[in-house]
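Everything on this sheet refers to the single structure shown next.
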Amino acid sequence: MDASDAKKLAAEMKGKVIGGWTVGDSINNGKSAVVLHATRGTEVAALKVFDRELVEKYGRETQSQRVARERELVGKTHEHLVKIFDAGEDTAYNVFFVAMQLLPWANLADVIEEVPRDKIHPLIRQVASAAHFLEGNGLAHRDIKPQNIVVSPDFAQAVLLDLGVLGPIGNIGAITDHGAQKIFIGTLQYSAPEFLFRDEEDTPDGWRSVTFYQLGAVLHDLIMRRPLFVDSQQPFGNLVRAVERTKPLVEALDVPRDLLQLCRNCLVKDPVERRALVSWESFARYPASDDDQSAALRRIRERRATAAGTAARMVVVNGKALNAFRSFLDGALRDVADRNELPSRSVDVNADENGLLARVAFLASADDGLAVSVVVYFDVSITNIEDDILRIRVASKLVRAWKEAASERPAEARFRLLFHGVRDDAAITAALAGELIIAVDEAGEALEESIPLAENEKWLAARRASGG
């Protein structure tokens, strides 16, 4: 529906009573409908009246089923999803309609550059909660994008709109597909690759993957303050190719790294990998604060300042790098320890049958204020080479003597997930730093008088003397 057709339909409807709603002035219009101010007694609503050409294009039964999907939400409310008051067909004027909550707020696409950085997470969390609510009711939105979201003037509230292509999970083909032909419905620019090519699974997991991608696309626009794939709009084939192949740049110095990583993970092309990286909890979780890490680091420095003497920095000769990430990991671990003035340590990064295993051992030393040694292990594997996706797991243990620190890989049960997602060296470095700082802090708190320091001190002295 172009602007001229929308204007004609709005003028035709004004003053009419559609489904019991008295129609007023036009509010706006989209590709398939006009939205009009309407009243029913004391109720006020935004009345969406669909273009009659939709019936000609898709058939009356299909349009009726789509409207029925929205009518199923009458009485089912969520604070961040537009409320549906009524929906149906007015045969007198031969139009389908939906009456919904009137929200005189700005469209997110129009104010995306004005959104404060500290509002990005609350807004995407709210939109995700609305999408999760729909999934709980067996429905997939399928067209989440900035244009279908409104925000309050203070940017504290977001509401997801436009349920026109809402689909029943597990039976979506019944209202969108025609025989063996699958028709794309939605917005290509914000479509997941599998949805664009109609390769999606019509299951809760399949549509959750699509939803996560679209939420990631909105998050991209909030972070980058520009539309996804804006430079690939023309010709049409460029946009298709971008959706299918291009990894969007997601970077900003004034946005928490957790949000940057969430966005990258959402925009992974493979839907199965995407689900492995993202969950509903990913949106609800607040971006990590460095308060705990800073406090731990402060305690480490205080203990070292009061310890007798100043320990020489242990240097471990690098072995031959097995691959680019091995080299990065080794350098990052050393840099983190040096930059944060952590105690003397041994750093080893080696390959084994499972990938890479990095070991950082902080040895008990009176000079460093550590009465017990601690070893931190990082297990690294590449789960998707094409999308550069890494999985890093971590395990740590306190040990009584340096020989224990030289032990092999800990039992699998000891490991927990530290990082899983598209490679982000800054985020990985921050995660490594957090683990090392907390581990050293815990070792410093474990003041066990029975720990035999002599053996550790002897070993440390030998290492320092040899330069290794």
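The values are calculated or read from the model by the stated rules, or taken from the named source; none is laboratory data. As the structure is a prediction and not an experimental result, all values here were calculated from the model. Glycine also receives a Cβ, built like all others from the backbone with ideal geometry; neighbour counts cover every protein chain displayed. Heads up: the accessible areas ignore ligands, DNA and RNA and are worked out on the full protein's heavy atoms, side chains in. Shrake-Rupley method; radii C 1.70, N 1.55, O 1.52, S 1.80 Å.
Summary of values
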| read-out | value |
| --- | --- |
| Selection from the stretch 203-231 of residues that are crowded, with 17+ Cβ neighbours inside 10 Å and either without any contact (Cβ under 8 Å) to a residue 40 or more places away in the chain or β-branched (V, I, T) (or both) | V210, T211, V218, I223, M224, L228 |
| G59 vs. criteria closer than 23 Å to V127 by Cα and among the small types (G, A, S) | no |
| Of all residues in the stretch 133-154 being assigned to a helix (DSSP H, G or I), touching a strand residue (DSSP E or B) at 6+ places or on another chain (Cβ under 9 Å) and not polar (S, T, N, Q), the one that is surrounded by the fewest Cβ atoms within 10 Å (Cβ to Cβ) | F133 |
| Subset tally (residues that are in contact with a Ser or Thr (Cβ under 9 Å, 6 or more places away or on another chain) and without any contact (Cβ under 8 Å) to a residue 24 or more places away in the chain) for the stretch 33-57 | 2 |
| Residue count, the stretch 101-132 (criterion: open to solvent by 10 Å² or more (accessible area, probe 1.4 Å), among the β-branched types (V, I, T) and touching a strand residue (DSSP E or B) at 6+ places or on another chain (Cβ under 7 Å)) | 1 |
| Hits in the stretch 34-77 (condition: over 16 Å from V95 (Cα atoms) and among the hydroxyl-bearing types (S, T, Y)) | T39, T42, T77 |
| Selection from the stretch 53-73 of residues that are surrounded by fewer than 16 Cβ atoms within 10 Å (Cβ to Cβ) and under 21 Å from K7 (Cβ atoms) | E53, E56, K57 |
| Residue count for the stretch 79-100, restricted to those that are in contact with a Leu (Cβ under 9 Å, 6 or more places away or on another chain) and either open to solvent by 40 Å² or more (accessible area, probe 1.4 Å) or of a type in the set (G, A, S) (or both) | 3 |
| Of all residues making up the stretch 164-199, the number that are over 25 Å from P235 (Cα atoms), modelled with pLDDT of 90 or more and buried (at least 22 other Cβ atoms within 10 Å of the Cβ) | 0 |
| The stretch 376-400 residues that are in contact (Cβ under 8 Å) with a residue 24 or more places away in the chain and of a type in the set (G, A, S), paired with ones that are open to solvent by less than 10 Å² (accessible area, probe 1.4 Å) and part of a strand (DSSP E or B) (beta carbon under 6 Å, 6 or more apart) | S396/V376 |
| Residue within the stretch 92-100 that is touching a Lys or Arg at 6+ places or on another chain (Cβ under 7 Å), part of a loop (DSSP other than H, G, I, E, B) and hydroxyl-bearing (S, T, Y) present | yes |
| Residue match in the stretch 210-225 (condition: assigned to a helix (DSSP H, G or I) and at pLDDT below 95) | no |
| Verdict on K76 being touching a residue at least 40 places away in the same chain (Cβ under 8 Å), open to solvent by 70 Å² or more (accessible area, probe 1.4 Å) and within 35 Å of the chain's Cα centre (by Cα) | yes |
| Residue within the stretch 439-458 that is open to solvent by 60 Å² or more (accessible area, probe 1.4 Å) and modelled with pLDDT of 85 or more present | no |
| Residue match in the stretch 423-438 (condition: at pLDDT 80 or above, within 28 Å of R257 (Cα to Cα) and of a type in the set (S, T, N, Q)) | yes |
| Flag if A337 is farther than 30 Å from R117 by Cα, modelled with pLDDT of 60 or more, part of a helix (DSSP H, G or I) and open to solvent by less than 20 Å² (accessible area, probe 1.4 Å) | yes |
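Listed here are the residues, each with its yes/no results for (1) surrounded by fewer than 18 Cβ atoms within 10 Å (Cβ to Cβ); (2) in a helix (DSSP H, G or I); (3) modelled with pLDDT of 70 or more; (4) in contact with a Pro (Cβ under 6 Å, 6 or more places away or on another chain).
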site	(1), (2), (3), (4)
V375	no, no, yes, no
R393	no, no, yes, no
S396	no, no, yes, no
R409	yes, no, no, no
A413	yes, yes, no, no
